[in-house]
Each structure stands twice: as structure tokens, then as C-alpha cells.
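The values are calculated or read from the model by the stated rules, or taken from the named source; none is laboratory data. Only a predicted model underlies this, so the values are computations on that prediction, with no experimental measurement involved. So basically every Cβ, Gly included, is an ideal-geometry build from the backbone, and we count neighbours across all protein chains shown.
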Amino acid sequence: MAIPSGSGTEVLKRASVDGVANSYNKILDGEANHIYTILSFVIFAHSTATVEITMLPSAGTRIWLFSDISIPSNNTFILNDKIVLTGTDEIEFKTATGSVDAVLSYIDQDWT
């Protein structure tokens, strides 16, 4: 993506999933000419046992942001590190066990 030189929009957004269990789940699906700044990722484990999660951007080569983070039953994991994605980058996460709810807060800069 080229460096934007025109006008665009900048909007605070969120994405969420409810009751996700034991599979990869796309929580952010990027679009061309967009820049995404991830502000926070909150995951609540509502299983009866510890939940293990993995998170990665899935465009092109997969780069793991974290792997096998354990969240005890009825607890919350919060990632507050800022991450920047561009264009058609995506964010996926996977639970190895258990069920979770997740909320992703981000800034969407649209340069279309």
C-alpha cells in the first residue's frame, strides 16, 4: 500500500465473537487501502476448564502474535499492545480447548 496523500476517514471500531470453541476464527478481515491499528483484544474464557488460545495475522506468511496462552476458567486475557495492519491483513485466533468470547477494539483509517 502506498503512503496516503489524500483525504480519508478514521473511525474507532470493534469486532466481536461469541462462544467460539476449538477452531480458527477470523475477527478482523482487512480491506485494500485501509490501515488498522489494534488497540486492545479482550478474551473471556467461560469454559469449565483452562482455555488455551493462539493469535496471528493470516495474510501471506503467518506470523504468530502469541501461542498457547492459558486462561483459567471464568477469567479474562487482555492484550493492550498496539499492532498495525495494512490492506488485506487479517487477524485470526484459535482456541485449543474450551469456549471464549472475544472483543477487538481498533482504529480503521480508510483511504479509498
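For the reader, a short list of remarks on this structure follows.
- Cβ-Cβ distances below 8 Å connect the following pairs, each with a first residue in region 57-72 that is within 16 Å of Thr86 (Cβ to Cβ), a second residue that is modelled with pLDDT under 80 and not in a strand (DSSP E or B), and a separation of six or more residues or different chains: Pro57/Ile63; Pro57/Leu65.
- One residue stands out among those in region 22-32 that are at pLDDT 85 or above and more than 13 Å from the chain's Cα centre (by Cα): the one that is surrounded by the most Cβ atoms within 10 Å (Cβ to Cβ), which is Glu31.
- Residue check for Ile35: within 17 Å of Trp111 (Cβ to Cβ) and at pLDDT below 75: no
- Screening the candidates Ile91, Ile78 for the property of being part of a strand (DSSP E or B), aliphatic (A, V, I, L, M) and surrounded by fewer than 16 Cβ atoms within 10 Å (Cβ to Cβ) yields one hit, Ile78.
- Test: residue in region 81-98 that is at pLDDT 85 or above, within 22 Å of Ala21 (Cα to Cα) and more than 15 Å from the chain's Cα centre (by Cα): no
- Conditions (1) surrounded by fewer than 17 Cβ atoms within 10 Å (Cβ to Cβ); (2) touching a Ser or Thr at 6+ places or on another chain (Cβ under 9 Å); (3) on the phi < 0 side of the Ramachandran plot; (4) not in a loop (DSSP other than H, G, I, E, B); number of the one not met by Gly19: (3)
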